[in-house]
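S.K.: The structure is given below, and queries will be raised subsequently.
The values are calculated or read from the model by the stated rules, or taken from the named source; none is laboratory data. Only a predicted model underlies this, so the values are computations on that prediction, with no experimental measurement involved. For neighbour counting, all protein chains shown are included, and Cβ atoms are generated from backbone atoms with ideal geometry for every residue, glycine included.
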Amino acid sequence: MPKVLLVEDNEMNRDMLSRRLIRRGFEVELAVDGQEGVDKANTANADIILLDLSLPIIDGWEVARRIRQNPALNQTPILALTAHALNEDRDKALEAGCDDYDTKPVELPRLLEKIEALLAKKRSA
């Protein structure tokens, strides 16, 4: 069962997405702000990180940069989740160390496809 670290400050989004992922067979670890996201990324041994970019304490772009500074997490995919839908926001997320990007509101089938693609890429690396 793949483990997802979901870093999301909005309680409604966090609850909805975590319940839907659990129903699909994922184990879900939660973080509610950027600092907790960095801390849990270093200890949770997640297979993939779903990272909101608009977070309190440390924004998601900085969270991605800090996660990528840990050599043990270089192969852990990071999927940015954000309401920011501009190409420059996507580029900024990828430059910060995210592997892919998806917009909110989350469309679960599309998100699951992206998660599966990133997990498959990780397994084949």
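S.K.: From the list 108, 53, exactly one residue is of a type in the set (A, V, I, L, M, F, W, C), closer than 17 Å to residue 41 by Cα and in contact (Cβ under 8 Å) with a residue 40 or more places away in the chain. Which is it?
M.R.: Among 108, 53, only 53 is of a type in the set (A, V, I, L, M, F, W, C), closer than 17 Å to residue 41 by Cα and in contact (Cβ under 8 Å) with a residue 40 or more places away in the chain.
S.K.: Within the stretch 58-88, take every residue that is part of a helix (DSSP H, G or I) and among the aliphatic types (A, V, I, L, M) and give me the one that is surrounded by the most Cβ atoms within 10 Å (Cβ to Cβ).
M.R.: 63
S.K.: Here's another thing I want to ask about it. Please enumerate the residues belonging to the stretch 35-54 that are in contact with a strand residue (DSSP E or B) (Cβ under 7 Å, 6 or more places away or on another chain) and either under 17 Å from residue 108 (Cβ atoms) or crowded, with 18+ Cβ neighbours inside 10 Å (or both).
M.R.: The answer is 37, 40, 41, 44, 46, 47, 48, 49, 50, 51, 52, 53.
S.K.: Would you pick out the residues in the stretch 1-34 that are surrounded by 16 or more Cβ atoms within 10 Å (Cβ to Cβ) and under 18 Å from residue 61 (Cβ atoms)?
M.R.: Answer for the stretch 1-34, where residues must be surrounded by 16 or more Cβ atoms within 10 Å (Cβ to Cβ) and under 18 Å from residue 61 (Cβ atoms): 5, 6, 7, 8, 9, 31, 32, 33, 34.
S.K.: Determine whether residue 96 is modelled with pLDDT of 95 or more, of a type in the set (A, V, I, L, M), surrounded by 21 or more Cβ atoms within 10 Å (Cβ to Cβ) and touching a Phe, Trp or Tyr at 6+ places or on another chain (Cβ under 6 Å).
M.R.: For residue 96, the condition - modelled with pLDDT of 95 or more, of a type in the set (A, V, I, L, M), surrounded by 21 or more Cβ atoms within 10 Å (Cβ to Cβ) and touching a Phe, Trp or Tyr at 6+ places or on another chain (Cβ under 6 Å) - is met.
S.K.: Would you tally the residues in the stretch 17-50 being more than 17 Å from residue 118 (Cα to Cα) and touching a residue at least 60 places away in the same chain (Cβ under 8 Å)?
M.R.: Here the count works out to 2.
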